[in-house]
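S.K.: Once you've had a glance at the structure underneath, I'll fire off some questions.
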Amino acid sequence: MKRPHVLIVGCGDLGQRLGLQFVSSGWQVSALRRRPESLPDAFQGIRGDYTDPADVARLTDLKPDYVVFTPLPAARDATGYERGFAMATALLAESGLLAGAHGGVFVSSTRVYAEVDGGWVDEDSPLTQSDPSAASIIAAEQTFLRACPAATVLRASGIYGDWPGMFIERLTKGYASPAPDRISNRIHRDDLVGIMVFCLERLEAGLTNSSIYNASDQAPTPIGEIESWLTQQLNLPPASTPAPARRGNRRCSSERLCRAGYKFAYPNYRAGFSALIAQHADKIVTGDTAPTD
């Protein structure tokens with residue numbers, strides 16, 4: 001019996017975690033990365049850049065059953081987002097790679113939503129018309145959905161799960177949000193990988209996914225509440241120095257994903273951060289909150 005074959009385009013931390021889960025389930029995993037020597041030995045590593053037309057064209061010979069694309073901006077400006085998202089996805093579509101697959105997953109962002117006043121958003125909520133970088137993400141979503149059969153876009157909120165991560169690192173330096181009432185939405189990296197597995201396993205079983213899911217935990221929370229809780233858990237002095245303001249103020253609903261049957265491993269910030277703190281308790285005891293290699 002032929003093993004399902006998944007191609008992961010842009011195989012960073014999330015892609016590697018995803019691929020390892022599929023390897024353990026007996027799937028064939030191919031992965032495009034600029035430095036494939038850093039990929040797990042069980043992967044078919046392919047050296048290449050998904051913004052290079054020649055590198056993308058070579059992928060069509062693989063004939064994967066499923067394509068997972070986890071893009072990043074080529075730079076943190078509008079031009080970088082256009083190249084990393086809109087242009088790269090157009091290359092995948094024009095090559096015929098997506099059309100030849102049975103299905104696929106595109107990892108997007110909740111940045112695409114227009115809401116900025118703390119209201120709820122679901123997958124049908126209005127999209128922003130004022131953020132040029134988000135416009136490139138939206139264009140990439142639309143291209144992927146048109147080009148790939150049974151495609152699903154996952155609009156991920158803030159990904160966490162590494163150590164120490166943005167929240168903890170900022171608090172240990174004495175920084176607090178200048179807008180504590182701003183709503184924070186998160187997704188633990190294990191859940192984001194779990195959602196990708198969930199979607200592709202459903203396709204392999206002959207089931208249908210929604211074209212778009214919000215990949216965000218079940219408890220949008222004011223950022224000040226999270227900072228206060230983390231300060232107590234880590235036994236830190238109160239943070240008082242304002243950090244630079246960040247965009248976004250909305251409550252992302254993941255109800256559609258839950259109705260489809262996905263069960264969150266970390267449904268709220270307390271569950272996710274408690275597990276992270278327990279895993280790195282030795283660093284907290286010694287006062288070492290520096291990132292590990």
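S.K.: Taking Cα atoms, how many degrees apart are the long axis of helix 269-279 and the longest axis of the chain, rounded to 10 and kept between 0 and 90?
M.R.: The helix 269-279 is inclined about 90 degrees to the chain.
S.K.: Going by how many other beta carbons lie within 10 Å of each one, how would you line up Phe43, Phe106, fewest first? Don't jump to the answer; show the numbers that get you there.
M.R.: Values: Phe43 21, Phe106 27.
Final ranking by Cβ density, sparse to dense: Phe43, Phe106.
S.K.: Then there's this: Could you check what % of the DSSP bridge pairs in the chain are antiparallel, to the nearest 5?
M.R.: The antiparallel proportion sits near 10 percent.
S.K.: Hey, another quick one. Separation between the Gln218 and Asp124 pseudo-spin-labels, each 7 Å from Cα along Cα→Cβ, expressed in nm?
M.R.: 2.3 nm
S.K.: Oh, and also: Once fully extended, how much extra length lies between Ser24 and Ala78, figured as 0.36 nm per residue of separation less the alpha-carbon to alpha-carbon distance?
M.R.: Gain in length upon complete extension: 15.6 nm.
S.K.: Pairs of alpha-carbon atoms within less than 8 angstrom and 6+ residues apart define the contacts here; what relative contact order does the chain have, in percent?
M.R.: Reported as a whole number, the value is 17 percent.
S.K.: Would you calculate, for the chain, the mean residue ellipticity at 222 nm contributed by helices, counting each DSSP H stretch of 4 or more residues as -39,500 (n - 2.57) and dividing by all residues, to the nearest 500?
M.R.: -10000 deg cm²/dmol
S.K.: Have a look at Gln233, Gly26, Thr51 and report the one farthest towards the positive end of the charge dipole of the chain, computed about the Cα centre with Cβ charges (Lys/Arg +1, Asp/Glu -1).
M.R.: Gly26
S.K.: Oh, and also: Please check which bits of the range 146-170 a label hung off Ala275 would reach, taking the label as a point 7 Å along Cα-to-C-beta and the cut-off as backbone N under 18 Å.
M.R.: Only 156-168 pass the distance filter.
S.K.: A further question follows. When Arg251, Arg35, Arg111 are ordered from fewest to most other Cβ atoms inside 10 Å of their Cβ, what list results?
M.R.: Starting with the residue having the fewest Cβ neighbours, the order is Arg35, Arg251, Arg111.
S.K.: Under 18 Å from the Cα of Lys2, which aspartates and glutamates turn up, not counting those fewer than eight places away in the same chain?
M.R.: Reachable aspartates and glutamates: Asp61, Asp65, Glu201, Glu204.
S.K.: Could you tell me the calculated FRET efficiency between Thr51 and Asn235, based on Cβ-Cβ distance and R0 = 51 angstrom, to the nearest 0.05? Intermediate values should be presented prior to the final figure.
M.R.: Details: r = 45 Å, r/R0 = 0.88.
Efficiency for this residue pair is about 0.70.
S.K.: Give the angle, between 0 and 90 degrees and rounded to the nearest 10, that separates the Cα long axis of helix 223-233 from the longest principal axis of the Cα atoms of the chain.
M.R.: Orientation of helix 223-233: about 70 degrees from the principal axis.
S.K.: Could you line up Glu82, Glu201 from fewest to most neighbouring Cβ atoms inside 10 Å?
M.R.: With the fewest neighbours first, Glu82, Glu201 line up as Glu201, Glu82.
S.K.: Could you estimate the translational diffusion coefficient of the chain from the Stokes-Einstein equation, with Rh from the Kirkwood formula over C-alpha pairs, at 10 °C and 1.306 mPa s, in whole µm²/s?
M.R.: This corresponds to a translational diffusion coefficient of 80 µm²/s.
S.K.: Please report how far the C-alpha centroid of the range 165-190 lies from that of the range 52-118, rounded to the nearest whole angstrom.
M.R.: Between the Cα centres of the range 165-190 and the range 52-118 lies a distance of 28 Å.
S.K.: List the lysines whose alpha-carbon lies under 19 Å from that of Lys173, not counting same-chain residues fewer than 8 positions away?
M.R.: Counting by Cα, and skipping residues close in sequence, Lys173 has these lysines nearby: Lys283.
S.K.: Dipole of the chain (Lys/Arg Cβ +1, Asp/Glu Cβ -1, origin at the Cα centre): which of Pro180, Ala219, Ile284 lies farthest to the positive side?
M.R.: My answer, from the dipole projection, is Ala219.
Throughout, read-outs are computed from the coordinates displayed, never taken from laboratory work. All of these numbers come straight from a predicted model, not from anything done at the bench. Note that we place each Cβ from the backbone using ideal geometry, even for glycine, and neighbour counts take in every protein chain shown.
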